[in-house]
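Novice: Handing you a structure now.
The values are calculated or read from the model by the stated rules, or taken from the named source; none is laboratory data. Keep in mind the model is a prediction, meaning the values are calculated, not measured. A quick note on method: Cβ atoms are made from the backbone with ideal geometry, for glycine too, and the neighbour counts reach across all protein chains shown. SASA here: full protein model, heavy atoms, side chains in, ligands and nucleic acids out. Shrake-Rupley method; radii C 1.70, N 1.55, O 1.52, S 1.80 Å.
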Amino acid sequence: MPHWLQLMLESLGPLLWAGLIFTIPLTLLSFAFGLTLGLLVAIVRLFAPAPFVAIARFYVWIFRGTPLLVQLFVIFYGLPSVGILLDAFPAALIGFTLNVGAYTSEIIRAVIASVPRGQWEASYSIGMTWGQAMRRTILPQAGRTAVPPLSNTFISLVKDTSLAAAITVPELFQTAQRIVATTYEPLILYILAALVYLAMSSVLSALQVRLEKRFARYGGFLEARA
């Protein structure tokens, strides 16, 4: 067996284990918390009084306008200087959540704003409150439109978690770095790490296509084309 193939096979287990223990939980938790935060920020941007809108816009401006790696460094390495100490994984989770929240808030704000005004009026005409209209009428319609961009954000997040290696989270990419430090085979190990990320992204992309087709059954471009 060629040396490079043997090294890949021996290293695949530790990489997959690191992905299972750190990369996948970090991705799922960050996206879940970030999506919740993004929904709240989007609602504030659309419906809250002006001072709260300004705060929400400032938050989005900061986290969309600065690199994610810098945000992670500020949280993990910068906050201790003001007495806030965080372990690596919670620091990464906070950083990714805030970043995802900023991006998803713009997606959610756009899809909510795209729902025709007549849907609000129809909801109010049958006695719904604002909250009921939002929950039963607006969000279900906006959700279908939001599936593709939110799915893309999720897939990007899977790859972005590799940045957590910079703040010592022992996820997939840092595990590859540690193996490189002992084997001195950076090309083989980094290609292997890239292939693992590619495999995860490909599976998620296939799931995204199926999800889009499922929602298209209820109306949309795919159905109209068919």
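Novice: Looking at the stretch 32-41, is at least one residue touching a residue at least 24 places away in the same chain (Cβ under 8 Å) and within 24 Å of Thr175 (Cα to Cα)?
Specialist: no
Novice: Additional query: Quick one: which of Thr104, Thr66 is of a type in the set (Ser, Thr, Tyr), under 26 Å from Met134 (Cα atoms) and in contact with a helix residue (DSSP H, G or I) (Cβ under 9 Å, 6 or more places away or on another chain)?
Specialist: Going through Thr104, Thr66 in turn, the sole match is Thr104.
Novice: Name the residue that is surrounded by the most Cβ atoms within 10 Å (Cβ to Cβ), counting only residues in the stretch 1-31 that are more than 17 Å from the chain's Cα centre (by Cα) and within 14 Å of Ala164 (Cα to Cα).
Specialist: Ala18
Novice: Another question, if that's okay. Of all residues being open to solvent by 60 Å² or more (accessible area, probe 1.4 Å) and touching a residue at least 60 places away in the same chain (Cβ under 8 Å) in the stretch 90-116, which is farthest from Phe22 (Cα to Cα)? Just the residue, please.
Specialist: Ala113
Novice: Restricting the search to the stretch 48-68, which residues are loosely packed, with under 14 Cβ neighbours inside 10 Å and touching a residue at least 24 places away in the same chain (Cβ under 8 Å)?
Specialist: Ile62, Arg64
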